[in-house]
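The values are calculated or read from the model by the stated rules, or taken from the named source; none is laboratory data. Nothing here was measured: the structure is a model prediction, and the numbers come from that model. With ideal geometry, Cβ positions are generated from the backbone for all residues, glycine too; neighbour counts draw on all protein chains shown. For the accessible areas, the whole protein counts, side chains as well, though only heavy atoms, and no ligand, DNA or RNA atoms are used. Shrake-Rupley method; radii C 1.70, N 1.55, O 1.52, S 1.80 Å.
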Amino acid sequence: MAEKPALLIFDVDGTLTDSASLTRSAFEKAIEDIYSIPNSSEGIAPYGKTDQGIFREILVNNGITTTDFRTQFDNMSRLSAIYLEKGLKASKLPKLHKGIRSLLERLATEDDIFLALGTGNTKINSYIKLDLHGIGGYFPVGGFGCDDEDRIKIVETAYNRAINYYKVDFKKQFTWIIGDTPLDIECGKAIKVKTIAVATGNYSVDELKQYNPDMVFSTLSDEERFLSLVRQTA
Ligand SMILES: [Mg+2]
């Protein structure tokens with residue numbers, strides 16, 4: 001075992017791949033089926049939010065009661081996963097961001113680097129999105145949008161599950177949240193781990209810098225810089 005194992009907790013949309021707009025239309029189709037309300041997510045900015053958080057906002061915006069929220073969410077997400085998979089297969093849109101495939105291939109060969117997901121997407125949607133590009137297998141563990149509505153709890157879950165899964169007691173100064181939104185950075189700070197922001201989503205390098213992540217990259221294509229950063233001592 002390496003002396004200083006690093007845990008890298010990756011966000012999905014805007015960081016690894018881009019299919020957030022397809023998630024939105026899958027949500028809308030499922031909600032239209034269940035509640036007969038079209039275009040239900042209009043006016044909602046999803047960036048960095050969790051699937052449960054987005055769903056609650058949609059229900060509230062459309063005047064739908066949330067008294068049985070968890071069951072409502074489970075029903076919607078089961079249906080939306082079917083629409084998402086169909087939408088992804090029919091679309092030319094979803095691509096991996098620049099350098100991601102090569103970075104993941106490289107990280108997989110490093111025995112001091114361990115990977116997890118920390119995402120607002122449900123587990124099923126996360127792997128639908130990643131398996132489309134053949135990269136789901138790099139992430140055997142994670143925290144997901146079906147685990148909690150609160151993104152901080154999701155990344156905390158990802159961290160704890162990774163410790164159990166890999167049987168490595170990851171130190172927080174060698175644990176990194178990698179994401180494309182201010183919310184990813186805030187979550188990393190909240191659980192006292194390191195943060196890397198990447199400007200491949202909806203926020204620019206300058207916008208992300210204002211939230212003081214440990215590092216901002218325009219893309220994750222410089223493998224050597226990325227590796228030397230995550231291996232730095234605290
Ligand atoms: Mg994201």
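For segment 169-179, which residues satisfy the criterion of being open to solvent by 10 Å² or more (accessible area, probe 1.4 Å), in contact (Cβ under 8 Å) with a residue 40 or more places away in the chain and not in a helix (DSSP H, G or I)? Across segment 169-179, the qualifying residue is only Lys171.
Within segment 156-173, restricting attention to residues that are touching a Ser or Thr at 6+ places or on another chain (Cβ under 9 Å) and hydrophobic (A, V, I, L, M, F, W, C), the residue that is nearest to Ile54 (Cα to Cα) is Ala158.
Among the residues of segment 146-160, those identified as open to solvent by less than 50 Å² (accessible area, probe 1.4 Å) and part of a helix (DSSP H, G or I) are Arg151, Ile154, Val155, Thr157, Ala158, Tyr159. For segment 12-30, the condition of being more than 16 Å from the ligand (Cβ to nearest atom), exposed (fewer than 14 other Cβ atoms within 10 Å of the Cβ), farther than 21 Å from Phe144 by Cα and more than 20 Å from the chain's Cα centre (by Cα) holds for none of the residues.
The set of residues in segment 217-234 being in contact (Cβ under 8 Å) with a residue 40 or more places away in the chain and more than 24 Å from Asn121 (Cβ to Cβ) consists of Asp222, Glu223, Leu227, Arg231, Thr233, Ala234. Out of everything in segment 119-145 that is among the hydrophobic types (A, V, I, L, M, F, W, C) and open to solvent by 40 Å² or more (accessible area, probe 1.4 Å), what residue ends up being nearest to Leu16 (Cα to Cα)? Per the criteria, the residue is Leu132. Within segment 133-149, identify whether any single residue is within 16 Å of the ligand (Cβ to nearest atom), more than 27 Å from Asn212 (Cα to Cα) and within 15 Å of the chain's Cα centre (by Cα), and answer yes or no. Yes - at least one qualifying residue is present in segment 133-149. Scanning segment 184-216 for residues that are touching a residue at least 40 places away in the same chain (Cβ under 8 Å) and among the polar types (S, T, N, Q) returns Thr200, Asn202.
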